[in-house]
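The structure appears right after this line, and notes come after that.
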Amino acid sequence: MDPRTLWLIGTVLMLLASASVVVRILKRRPESGIDAAILETFHLRVRAWWILFTILAAAFLLGHVATVVLFGLISFWALREFITVTPTRPGDHYTLFWVSCVFTPLQFVLVGMGYYGLYSIVIPVYAFLFIPARIALAGDYKRFLERAAKIQSGLLICVYCLSYAPALLMLTLPPLDNGDPDTGGGVRLLFFFVLIVQLSDALQYAWSQIPRRHVIVPTINPTRTWEGLLGGTASVTLIGAVLWWATPFHGGSWWMAALMSAVISLMGFAGGITMSAIKRDRGVKDYGTLVEGHGGVLDRIDSICFAAPVFFHCTRWWLVLNHFMDRIS
Amino acid sequence: MDTNLTRNLLALLARFVSGASVRWIDSQPDTCQRVYFANHTSHLDAIVIWSSLPQAVRMLTRPVAAKDYWSKGPVRRYLANQLFNAILIDREEIKVHQSPVDLMIREIGHTYSLIVFPEGGRSEGREVGEFKSGLYYLCKKRPDLELIPVHLDNMNRILPRGEVLPVPMLSCISFGPPMWLEAGEMKTDFLARARDAVRRLKELE
């Protein structure tokens, strides 16, 4: 592994370790004046991060295929959670079978093979036309559009969007400063992405705890405030700029890493609020509490799902533009 | 292949497909002789209950299943006879001298537990149907058997009536507190009490 990747992993390990230590210390001191509920939320988060980090690190060590398979399994599980809370009718049975057993694996196989021209459209074009047609074929027309839209949304959010995270590994990155090909670049890019998403989640939550609160949409989510969104995005932009050396935007353009981090933070917010709206409508608090004992995968990945495709395309445009600029200069 | 290994693999597969989370409410898994009785909505029900028991208990638990369905074709026959060690009941011709209850009592001896679906067939809606009287006669002859109510949630969406391919979703299996047939309890009272025990588990979700 190249030194940059090691540095990045080392930084994350250090952050995680210090977060764990802080939680331990605060838990031993009930007199510190910190709300026990907030502390417990943070404790659970840190534990989820350790799991995420361990899985990601293991997948990276085993190579690109393992990483794609891992994200495929996460997608599959998230889609199960999504369909479980979404009421469907018996007529949707075969459509659901196609969606979870054909389109989901297909998308990840295409991502793994790097067929950008195909995996970018197979779900939004082919699957999205297939779904209503298959429901119509089943002969049940009750609430037809609503049912088609539910299945399409599940497939789009849980599978299509999430598959763009491992797709980051397949991007052709510019060579390093000394002219060598940047072999570890894809892994670093994905790691950078997941790190920024998780940090933006946590920092938006932390910033929304400050006393002067202006809730953005009280009917959807009373914990998301303007202070949280702006403060979180500003802090994450700063962190992204400091981590510019880990990204392929390293050719001196630290502001690019900062801008990307801001975009990730805003998309993460969009993902969180969209999932909150779905949960509000279905009357569940967490996807995890719906079925006791399951971790609630969808609760953990909502911001990744929204940020991944946008981050992927922004990075890809930047790479194309960069290549073009090199050509003409 | 080793039958026990195949059994464990099958149990794992069933757990994965059904995405089942298992809850024991005021109840504990035990190897004593029991009758697990559950609501019936899908062909997967018996397999899922069987696979959600701890291995030691699973080895001693035999599902009661319909002969007409489970003896069709070599795969189903192999599953029912070799792997689940199922007790197959002939629904078409019930003989007087060979009633299903007698068969069950003879088959379980003093070691095995049973998984039964007292609604008789799979119920269509979300409501738990009326219980058939078999459970009562079983308990009348063997009042020492512990009865464990079981509620299955969402199974009918994973494999609905008449479908062959399962859609992986998440489901929930709840095991309730043990109950017995009380001395002198009337048939209808007992069956209503048993049905309520299953329905109460549904409300706890």
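Quick note: the coordinates plus some simple rules give every number you see, no bench work behind them. As the structure is a prediction and not an experimental result, all values here were calculated from the model. Note that each Cβ is placed from the backbone with ideal geometry, even for glycine, and that neighbours are counted across all protein chains shown.
Before moving on, here are some points about what is shown:
- Just checking the listed ones, A:134, A:29, A:147: in the Gaussian network model of chain A with Cα springs under 10 Å, the one fluctuating most is A:29.
- Between residue B:185 and residue B:130, the contour length at 0.36 nm per residue exceeds the Cα-Cα span by 18.0 nm.
- Taking packing as the residue-averaged number of other Cβ atoms within 10 angstrom, the listed peptides B:185-195, A:72-82 run from highest to lowest as A:72-82, B:185-195.
- Pairs of Cα atoms nearer than 8 Å and 6+ residues apart set the relative contact order; for chain A it is 17 percent.
- Among beta bridges identified by DSSP and lying wholly in the protein assembly as shown, the antiparallel ones come to about 25 percent.
- Under 16 Å from residue B:67, Cα to Cα: lysines that are on another chain or at least 8 residues apart: B:95
- Peptide A:82-93 has a mean shielding of 4, counted as Cβ atoms of other protein chains within 10 Å of each residue's Cβ.
- Potential lengthening between residue B:141 and residue B:56 on full extension [0.36 nm per residue; Cα-Cα distance subtracted]: 28.0 nm
- Gyration tensor (alpha-carbon) shape descriptor, region A:29-96, a/c threshold 1.5: oblate
- Cα pair count fraction exceeding 16 Å, expressed as % - region A:63-170: 54
- Span-like helix ranges in chain A, DSSP H, alpha carbon extent 15 angstrom or more, Kyte mean at least 0.0: A:3-28, A:36-62, A:64-85, A:128-138, A:185-207, A:226-242, A:254-282, A:297-328
- Compared with the alpha-carbon gap, the fully stretched path from residue A:101 to residue A:226 is longer by 40.9 nm at 0.36 nm per residue.
- Between residue A:22 and residue A:89, the simple label model (points 7 Å from Cα in the Cβ direction) yields a spacing of 5.1 nm.
- For the protein assembly as shown, the mean projected area of the C-alpha convex hull, equal to one quarter of the hull surface, is 31.0 nm².
- Each Cα pair under 8 Å and six or more residues apart adds its sequence gap; the mean of these over the residue count of chain B is a relative contact order of 32 percent.
- Between residue B:68 and residue A:280, the modelled labels are 5.1 nm apart [label points 7 Å from Cα along Cα→Cβ].
- In order along region B:161-173, the phi-based Karplus estimate (6.51 cos²θ - 1.76 cosθ + 1.60, θ = phi - 60°) of 3J(HN,Hα) comes to 3, x, 9, 10, 9, x, 9, x, 9, 9, 9, 9, 10 Hz; Gly and Pro are listed as x.
- Relative contact order computed over region A:63-170 (Cα-Cα under 8 Å; 6+ residues apart), in percent: 46
- In region A:143-289, Rg over Rh equals 1.05, where Rg is the alpha-carbon radius of gyration and Rh the Kirkwood radius from pairwise Cα distances.
- Listed residues A:248, A:136, A:42: farthest to the positive end of the dipole of chain A (Cβ charges): A:136
- Rounded to the nearest 20, the size of the Cβ-charge dipole of the protein assembly as shown about its Cα centre is 400 debye, with Lys and Arg at +1 and Asp and Glu at -1.
- Residue by residue along B:20-29, Cβ atoms of other protein chains within 10 Å of the local Cβ number 1 on average.
- Cα-based shape type of region A:81-143, given that a ≥ b ≥ c are square roots of the gyration tensor eigenvalues and the cut on a/c is 1.5: prolate
- GNM top mover of A:172, A:67, A:233 - chain A, alpha-carbon springs below 10 Å: A:172
- Region B:154-170 residues near the modelled residue A:138 label - backbone nitrogen below 11 Å, point 7 Å along Cα→Cβ: B:157-158, B:160, B:167
- By the combined test of axial Cα extent (at least 20 Å) and Kyte-Doolittle hydropathy (mean at least 0.0), the qualifying DSSP H helices of chain B come to B:3-18.
- Chain B: radius of gyration and largest Cα-Cα distance (Dmax), Å: 16.0, 49
- For the listed residue pairs B:72/B:140; B:72/B:187; B:132/B:202; A:142/B:132, the alpha carbons are over 24 angstrom apart in B:72/B:140; B:72/B:187; A:142/B:132.
- Computed over chain A, the per-residue total of -39500 (n - 2.57) for DSSP H runs of n ≥ 4 gives a 222 nm mean residue ellipticity of -23000 deg cm²/dmol, rounded to 500.
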